1. Excluding A:Ala109 itself, what net charge comes from residues whose Cβ is under 10 Å from its Cβ, given Lys and Arg +1 and Asp and Glu -1?
2. List the trypsin sites (Lys or Arg not before Pro) within the stretch A:1-61 that fall in a DSSP loop (any state other than H, G, I, E or B) and whose Cβ has at most 12 other Cβ atoms within 10 Å.
3. Report the one residue of A:Val132, A:Leu73, B:Val10 whose Cα lies farthest in the direction of the positive end of the charge dipole of the protein assembly as shown (charges on C-beta: Lys and Arg +1, Asp and Glu -1; origin at the Cα centre).
4. Report the residue, chosen from A:Leu104, A:Leu120, A:Leu290, that carries the largest GNM mean-square fluctuation when chain A is represented by alpha-carbon nodes joined by springs under 10 Å.
5. Ranking A:Leu86, B:Leu7, A:Leu199, A:Leu66 by Cβ neighbours within 10 Å, fewest first, what do you get?
6. For chain B, what is the Kirkwood estimate of the hydrodynamic radius, computed as the reciprocal of the mean inverse distance between distinct Cα atoms, to one decimal in Å?
7. Hey, how much of the P(r) for the stretch A:51-107 falls beyond 13 Å, as a percent of Cα pairs?
8. Report, in debye and to the nearest 20, how large the dipole of chain A comes out about its Cα centre when Lys and Arg carry +1 and Asp and Glu carry -1 on their Cβ.
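Since every read-out is calculated from the coordinates, none of them should be taken as a lab result. Predicted, not measured: the structure shown is a model, and the values here were computed from it. Don't worry about glycine lacking a Cβ; one is built from the backbone with ideal geometry, like all the others, and counts go over all protein chains shown.
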Amino acid sequence: METLENTEELLKVFEAKIDAEIKIEPRDWMPGDYRKHLIRQISQHAHSEVIGMQPEGNWISRAPSLRSKKILLAKIQDEGGHGLYLYSAAETLGVSRDEYIQWLHAGKAKYASVFNYPALNWADIGAIGWLVDGAAITNQVSLQRTSYGPYSRAMIRICKEESFHQRQGYEIMWKMMEGTKDQQRMAQDAINRWWWPALMMFGPHDSDSPRTSNAMKWKIKRETNDRLREKFINKTIPQAELIGLKVPDPNIKVIGKDQMGENIYEHSDINWDEFWSVVNGNGPCNEQRLNHHIRAHEEGAWVRECAQAYNAKTNQ
Amino acid sequence: MENQGPLWEVFIQSKPGQPYKHAGSVHAYDKEMAVENARDVYTRRNEGISLWVVPADQIVAVSSSESSSFFEPADDKVYRHPTFYDLPEGVKQM
């Protein structure tokens, strides 16, 4: 009986902190479901950063100039770094880095489905930076205010670095739109293929997102999937129009203005069958992405073993 | 299976004269690798001029939520704060 009362007491303290916008720290008591939600969400976020290196890594050797190659390398290194910030935050929940990676390899942990689409040509690198990173930033800006201290701190650090990612992508698209007819066609083709996957990054509708309510109640998430998606759409359509790109949605229509005087748009719904199909493993590159990660991890095993042996020897 | 190497906590000094602040953690097998990983992960944009890495299992921690009486000695000593004292009128700066 005493434990039960104690738990109720602890829960009260926890909820009071959440209400007062006081961050929860690793050593604080937290409800089991709060911890579970964080473990799932932060590790999925970390895996996404790392898997997200693959579609872009594919273009390092074929970047059209030394300038763009250096930028792409720096961006991909950042993504690896972001993965590490997030694993570092996730590890404070009592699960080791190894376990997280095993869960990924076993298919028990997911990553953002958008990385299961291929980067077919250089314009895709522009579209990924502009749209995929743009969508990620919209989500991450909101998550800076998440209730879990280590996650919030990782988000703040990541947001500082992300805006360069989006700008470099938009610059690629803009340069192509200023270029030849073929380059313009490539840029339009890239937005045609990446627009919908980018919108899917925000996840299912709030009404189909069973975990949203707990996550909102505990302030793990601060804004719902649909709200964030609307923000991204409203921000991005004018950017597309400015450089002469068309968003691949025939139903785009201005339906009002927000408080800042910016347009609010109506748009078509996402093809949810495609969304769930990719989430469930049937996207164009699901197998390739995961297999590549497993192979890289296994091929690096000897490096880890050597480092371990060297440390054991030098510390004797 | 634990083969990522032990965990190290990373502390960064951003400018001369500033205190070291906790930045996050890295995995590494030895000190040299720990400082290099910390540099690559946490200071890619001149965030630091100096850093510490500390094996995470060497840190001793306590927080008020675990031991409510731990910070209590500070509670009943208001005379440690300057606002506790009366000053005669006319004192300009003290």
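1. On the way: positive: A:Arg40, A:Lys108, A:Lys110; negative: A:Glu99.
That works out to +2.
2. Working: sites: A:Lys12, A:Lys17, A:Lys23, A:Arg27, A:Arg35, A:Lys36, A:Arg40; in loops: A:Lys23, A:Arg27.
Sparse-neighbourhood loop trypsin sites (Lys or Arg not before Pro): A:Arg27.
3. So the residue we want is A:Leu73.
4. A:Leu120
5. Working: A:Leu86 28, B:Leu7 19, A:Leu199 23, A:Leu66 8.
Ascending number of Cβ neighbours within 10 Å: A:Leu66, B:Leu7, A:Leu199, A:Leu86.
6. On the way: mean 1/r = 0.0588 Å⁻¹.
Across chain B, the inverse of the average 1/r is 17.0 Å.
7. Working: 1057 of 1596 pairs.
Result for the distance tail: 66 percent.
8. Details: 40 positive and 42 negative charges, 170 e Å.
Using only the charged Cβ atoms, the result is roughly 820 debye.
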